[in-house]
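The values are calculated or read from the model by the stated rules, or taken from the named source; none is laboratory data. Remember, predicted model here, so these are calculated numbers, not experimental data. Neighbour counts are summed over all protein chains in view; Cβ atoms, including those assigned to glycine, are modelled from backbone coordinates with ideal geometry.
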Amino acid sequence: MLADASLATVAGADMVEARLDMLYMEETPLPSDSNNNDQNSRFRHPETVLTPRNDPDINVDEALSLLEAGIELPVVLTCRPMRQGGYFPGTEEERCAILRKAIESGVSWVDLETDIEPKVRNDLIKLAGKKTSIIASVHFDRAPDDSDEVIEKVRDMASHGDLVKVCYATSGKRSALKLFEAAWALKGEDFDYTIMGLGEAGDWTRIHAPAIGISMVYTTSEVGPKLTSSGRINTVELTGAWEMLDYS
């Protein structure tokens, strides 16, 4: 995480996301003939496989201290549950306790899924106060039925955080276009949002974010030909595309 944060800083990123749930996993090269079709495969690095650590007794306090000391940029702390494509292996109570520690560390942003039990989520928001901004997120492992579904979901979530993050799986141009149309329709509304696709053509809304009103774009320091098929984009390549397209 610290190495990736350094790369992001050099590449010109404005902030860094630290996925605390990834601390419980280890990454190994994916064999070229492997065919991984498990429920989280859409959310994975296209060239590696993640497996649970043999010794997942993570010192969260120590990890937070190291991240705070080692990252220069503002940080988004996320601990994604398995139900939304993440890897945290513990209970929801344990996960929310980690989110509480993240907020208490004074981090700039914290990602709180909208399906967290309402009372618990409200308590976390109160703890964040004005010091830590909230990303209200939801992740679907399917494509949207239509752009209206996406628009309605984003609007419904607008009051749940300082920025709304909605992410769908995409399987090609048709499903990606629904996300693009939704972002365009929401342009100019009085709240911040980001809409993303994970899969083929999922990078459309990232590439054209400045033109369609998207407030925050998630990029990666990773490189490789399979990034495009996963819907992700490298930070340097994105800034280069924005310069070419004359996006300010």
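Might you check whether a residue that is buried (at least 16 other Cβ atoms within 10 Å of the Cβ), modelled with pLDDT of 95 or more, out of contact with any strand residue (DSSP E or B) (no Cβ under 7 Å at 6 or more places or on another chain) and not charged (D, E, K, R) occurs anywhere in the stretch 156-167?
Looking for residues that are buried (at least 16 other Cβ atoms within 10 Å of the Cβ), modelled with pLDDT of 95 or more, out of contact with any strand residue (DSSP E or B) (no Cβ under 7 Å at 6 or more places or on another chain) and not charged (D, E, K, R), one finds none in the stretch 156-167, hence no.
Please state which one of Ala18, Ala13, Ala63 is surrounded by 14 or more Cβ atoms within 10 Å (Cβ to Cβ), in contact with a strand residue (DSSP E or B) (Cβ under 6 Å, 6 or more places away or on another chain) and modelled with pLDDT of 90 or more. Give the steps one after another, and end with the answer.
Numbers: Ala13 fails: in contact with a strand residue (DSSP E or B) (Cβ under 6 Å, 6 or more places away or on another chain); Ala63 fails: in contact with a strand residue (DSSP E or B) (Cβ under 6 Å, 6 or more places away or on another chain).
After applying the criteria, what remains is Ala18.
If Asp192 satisfies every condition in (1) at pLDDT below 95; (2) acidic (Asp, Glu); (3) surrounded by fewer than 22 Cβ atoms within 10 Å (Cβ to Cβ) but one, which is the exception?
All conditions are met except number (1).
Which residue pairs have Cβ atoms under 9 Å apart, sit 6 or more places apart or on different chains, and have a first residue in the stretch 109-130 that is among the small types (Gly, Ala, Ser) and a second that is surrounded by 15 or more Cβ atoms within 10 Å (Cβ to Cβ) and modelled with pLDDT of 95 or more?
Ala128/Ile103; Ala128/Val110; Ala128/Leu112; Ala128/Ile134; Gly129/Ile103
Can you find a residue that is closer than 21 Å to Ala11 by Cα and either in contact with a His (Cβ under 8 Å, 6 or more places away or on another chain) or of a type outside the set (Asp, Glu) (or both) anywhere in the stretch 197-205? Outline the logic, then answer.
Within the stretch 197-205, the first condition is being closer than 21 Å to Ala11 by Cα, and the residues that meet it are 203-205.
Checking which are either in contact with a His (Cβ under 8 Å, 6 or more places away or on another chain) or of a type outside the set (Asp, Glu) (or both) leaves us with 204-205.
The answer is yes, given that some residue of the stretch 197-205 is closer than 21 Å to Ala11 by Cα and either in contact with a His (Cβ under 8 Å, 6 or more places away or on another chain) or of a type outside the set (Asp, Glu) (or both).
What's the total number of residues in the stretch 72-93 that are over 15 Å from Met22 (Cα atoms) and either loosely packed, with under 15 Cβ neighbours inside 10 Å or modelled with pLDDT under 95 (or both)? Don't jump to the end; show me each part of the working.
The initial filter retains those residues of the stretch 72-93 that are over 15 Å from Met22 (Cα atoms), namely 72-75, 91-93.
Now narrow it down to the ones that are either loosely packed, with under 15 Cβ neighbours inside 10 Å or modelled with pLDDT under 95 (or both): 72-74, 91-93.
The qualifying residues number 6.
Glu26 - would you say it is farther than 21 Å from Leu238 by Cα and at pLDDT below 95?
Values: farther than 21 Å from Leu238 by Cα: yes; at pLDDT below 95: yes.
Criteria met by Glu26.
Taking the condition of being buried (at least 17 other Cβ atoms within 10 Å of the Cβ), out of contact with any Lys or Arg (no Cβ under 6 Å at 6 or more places or on another chain) and under 15 Å from Tyr193 (Cβ atoms), how many residues in the stretch 116-151 meet it?
Counting residues in the stretch 116-151 that are buried (at least 17 other Cβ atoms within 10 Å of the Cβ), out of contact with any Lys or Arg (no Cβ under 6 Å at 6 or more places or on another chain) and under 15 Å from Tyr193 (Cβ atoms) gives 6.
Of the conditions (1) over 30 Å from Asp123 (Cβ atoms); (2) in contact (Cβ under 8 Å) with a residue 60 or more places away in the chain, Gly202 clears all except one; give me its number.
(2)
Of all residues in the stretch 32-50 being outside any loop (DSSP other than H, G, I, E, B) and touching a Ser or Thr at 6+ places or on another chain (Cβ under 7 Å), which is modelled with the lowest pLDDT? Steps first, answer last, please.
So the first thing to find is which residues in the stretch 32-50 are outside any loop (DSSP other than H, G, I, E, B), and the list is 41-43, 48-50.
Then drop every residue that is not touching a Ser or Thr at 6+ places or on another chain (Cβ under 7 Å), which leaves 48-49.
Details: Thr48: 69, Val49: 77.
Result: Thr48.
Within the stretch 208-223, identify whether any single residue is under 17 Å from the mean Cα position of the chain (by Cα), in a helix (DSSP H, G or I), of a type in the set (A, V, I, L, M) and closer than 20 Å to Gly85 by Cα, and answer yes or no.
The first filter runs over the stretch 208-223 and keeps only residues under 17 Å from the mean Cα position of the chain (by Cα), leaving 209, 214-222.
Next, from what is left, pick out any that are in a helix (DSSP H, G or I): 209.
From what's left, of a type in the set (A, V, I, L, M): 209.
So of that shortlist, the ones also closer than 20 Å to Gly85 by Cα come out as none.
For the stretch 208-223, residues under 17 Å from the mean Cα position of the chain (by Cα), in a helix (DSSP H, G or I), of a type in the set (A, V, I, L, M) and closer than 20 Å to Gly85 by Cα: absent.
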